[in-house]
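Read the structure below first, then the notes.
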Amino acid sequence: MKLGLVLLMIALGLCGQTTQIGDPEIWTQFESWVEQLKALPPGERLPMKGRFAKDLAAAGVSAAEAGRRYDRVETLRRASAEKERVYWNAAFKSGGGPDAPLQLLQETVRGMKPGRALDAGMGRGRNAIFLASIGWDVTGYDMSPDALKAAQAAAEAAKAKISTVEARHDTFQFGEAQWDLIVCAYCYMRFEEEQWPAIFLKALKPGGVVVFQTSTAKRATAAEQAARWRGYRLLRVADLDPGMVDNDWAPSRTNPTGMLVARKE
Ligand SMILES: C[S@@+](CC[C@H](N)C(=O)[O-])C[C@H]1O[C@@H](n2cnc3c(N)ncnc32)[C@H](O)[C@@H]1O
């Protein structure tokens, strides 16, 4: 372990500590750990939990306590966008997520004429790079600067050109009649959030398409989906049991997967 990290842990009083610490301390420790964490080169990956536990073990924290702290991080991160940003920085410094482009996206763009595409919550760019490689002019945004660094490094390695923007869903300027395709692949927008269909409808060019796939806690009936996605023709809608599709971000999740492809009429 790096000397800097050991010193930091000593400063935080964490060395040799096997007793439980509280949530604020856990988060402070995690944030400091992410700050000094080295990004892996493109193509390499290590489980984030393993990296965290290993560094804590080197500072004398028991495996059980390290595991407990990591589990708390998984809960605490959901408290704010800023915490999510820190969490995703760690994930992308560790090469997180699948490499293959989303199956639903591949099936949807087959036969479509390439145009301008937007990848919302793009992560390290598997879908953006795929689209660029088949002729799309792609912009992606993400709240995590380390996701964008990883996406640009992966694009360079693939000799693909993509534009990236650091933004959150609630700060990104979607614009008006800008996009032929908008992709949300497990991008942390929720199906039940009412604003997205209208924002996308305005942002899409006539005939533009939305590809939306995410794990979802709340199932929606076909009638509910049709009501939400007013102004679109629904090309594909599915609300599938866990395991029915390859949830390539979280294969062990027990949530159903929602899939939707909609075209602006
Ligand atoms: C599960 S990953 C999916 C990444 C990518 N779409 C893919 O399929 O590989 C979720 C991504 O959403 C991003 N994200 C989460 N909440 C966000 C928000 N409010 N605004 C922008 N990006 C967000 C995270 O930084 C992360 O890159």
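Here are a few things to note about the model shown:
- Subset of the range 171-189 [near the ligand (Cβ under 9 Å from one of its atoms) and free of Cβ contacts under 8 Å to residues at least 12 places away in the same chain]: THR171
- Criterion (more than 22 Å from GLY123 (Cβ to Cβ) and at pLDDT 95 or above) met by exactly one of ALA222, ALA226, ALA203, ALA198: ALA198
- Filtering the range 20-46 to residues that are part of a helix (DSSP H, G or I) and open to solvent by less than 60 Å² (accessible area, probe 1.4 Å) leaves ASP23, ILE26, TRP27, GLN29, PHE30, SER32, TRP33, VAL34, GLN36.
- Among the residues of the range 80-107, the ones that are open to solvent by 50 Å² or more (accessible area, probe 1.4 Å) and within 13 Å of the ligand (Cβ to nearest atom) come to 7 in all.
- When residues of the range 134-148 are limited to those that are within 10 Å of the ligand (Cβ to nearest atom) and in a loop (DSSP other than H, G, I, E, B), the one surrounded by the fewest Cβ atoms within 10 Å (Cβ to Cβ): MET143
- Residue count for the range 56-79 under the criterion of being within 16 Å of the ligand (Cβ to nearest atom) and open to solvent by less than 20 Å² (accessible area, probe 1.4 Å): the result is 2.
Residues are listed down the side, and each one gets a yes or a no for (1) touching a helix residue (DSSP H, G or I) at 6+ places or on another chain (Cβ under 8 Å); (2) among the acidic types (Asp, Glu); (3) over 30 Å from TRP179 (Cα atoms):
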site: ALA58; (1), (2), (3): yes, no, yes
site: SER62; (1), (2), (3): no, no, yes
site: GLY67; (1), (2), (3): yes, no, yes
site: ALA90; (1), (2), (3): yes, no, yes
site: LEU102; (1), (2), (3): yes, no, no
site: GLY111; (1), (2), (3): no, no, no
site: GLY115; (1), (2), (3): no, no, no
site: ASP119; (1), (2), (3): yes, yes, no
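- Selection from the range 101-120 of residues that are within 14 Å of the chain's Cα centre (by Cα) and in contact (Cβ under 8 Å) with a residue 40 or more places away in the chain: LEU102, ASP119, ALA120
The values are calculated or read from the model by the stated rules, or taken from the named source; none is laboratory data. It should be emphasised that the depicted structure is a prediction, and the values quoted were computed from it without experimental measurement. Cβ atoms come from the backbone with ideal geometry, glycine included; neighbour counts cover every protein chain shown. All accessible areas refer to the heavy atoms of the entire protein, side chains included, with ligands and DNA or RNA removed. Shrake-Rupley method; radii C 1.70, N 1.55, O 1.52, S 1.80 Å.
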